[in-house]
1. Per q in 0.10, 0.13, 0.17 Å⁻¹, report the Debye log10 I(q)/I(0) for segment 91-239, using one uniform scatterer on each alpha carbon and no solvent.
2. Measuring from the lowest to the highest alpha carbon on each principal axis, how far does segment 99-138 reach, largest first, in angstroms?
3. With θ set to phi - 60° and the Karplus curve 6.51 cos²θ - 1.76 cosθ + 1.60, what are the ³J(HN,Hα) couplings of segment 57-65 in order, to the nearest whole Hz, using x for Gly and Pro?
4. Tell me which residues come under 5 Å, amide H to amide H, from Leu63 once H is placed; ignore anything under 5 positions away on its chain.
5. Under 5 Å between amide hydrogens, which residues at least 5 positions from Val194 or on another chain qualify, with H placed 1.01 Å from N in the peptide plane?
6. At 1.4 Å probe size, what's the solvent-accessible area of Glu220? Round to the nearest 10 Å².
7. If you rank Lys163, Lys45 by how much accessible surface each has, with a 1.4 Å probe, what is the order from largest down?
8. Starting from the amide H of Ser144, placed 1.01 Å from N in the peptide plane, find each other amide H under 5 Å away whose residue is 5 or more places distant or on another chain.
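The values are calculated or read from the model by the stated rules, or taken from the named source; none is laboratory data. What you see is a predicted model, and the numbers here were worked out from it, not measured in a lab. We place every Cβ from the backbone using ideal geometry, glycine too, and count neighbours over all the protein chains shown. The area values use the complete protein model at the heavy-atom level, side chains included, leaving out ligands, DNA and RNA. Shrake-Rupley method; radii C 1.70, N 1.55, O 1.52, S 1.80 Å.
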Amino acid sequence: LFLVSFLFGCIFNISHAQSQFQTESLSTEASLSSVERNVRRAAVKVLTDGGHGSGTYVLIDGLHVILTAQHVADGPVGTNYRILSPDSSESVLGRLVYSDREKDVAAIYIPAMDTRSPMRFNPRRGIANVGDRIVYSGHPSSHSLLSFRGWISGYEVAENQDKILLIHTYGWMGCSGSGVYDSRGRLVGILWGVSVARYPQTRLVEDIIWATPAHLIDRESILSGICDTSLHRPARCED
């Protein structure tokens, strides 16, 4: 039997041995494809009470938005969240403008970041195919930014009949909210869970990861949320 962990945005205590080291991102991206580099450069950390999740910096109609999981940014719409660059050299305050608990997707409106490069919001139409290769970058546990490859392994069907992506890759607490992309740079989904095996004993199955398909993200609700909840309304809201 498999259950889904909803604690993916939290940090577990790390071992004493691991705490003696500082994890550093590689200074070179030479082995990454152009899509992988772009995904990595758009990855951010979303701070929560007592932990963190991950997010992806995107442009939607020229507006600066962080896509993440709803259980990471689980406050009411209008709540402020601190967004960090992977090396913590830049910090901005963003406002939650879109929250879908059922699909576990959220969006945070932010000012432009100097050290991060946004992806164009380009969700894949329809659900990805089994076997499609994917990539994402996120912040598992206490590690700095890490990049992962994988592929679509299958689907589960939610109670509302939406298909949920099952991805063969690696994930751990702190990776929730990462944007999953295909080889063409299209957003495939938002990562939010890890499988849990319950027989013969309970343990995480950290290479089976759950994600909400990108075509279920409500773009118009994000834009409406920006216009309704922002302290400084963008000019496009007058249209």
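1. -0.39, -0.65, -1.05
2. 36, 25, 20
3. Whole-Hz 3J(HN,Hα) from phi for segment 57-65: 7, 10, 9, 10, 6, x, 9, 8, 9.
4. none
5. Distant-sequence amide H within range of Val194: Ser5, Trp210.
6. So the heavy atoms of Glu220 present about 100 Å² to solvent.
7. Lys163, Lys45
8. When sequence neighbours closer than 5 places are left aside, the close amide H contacts are Thr23.
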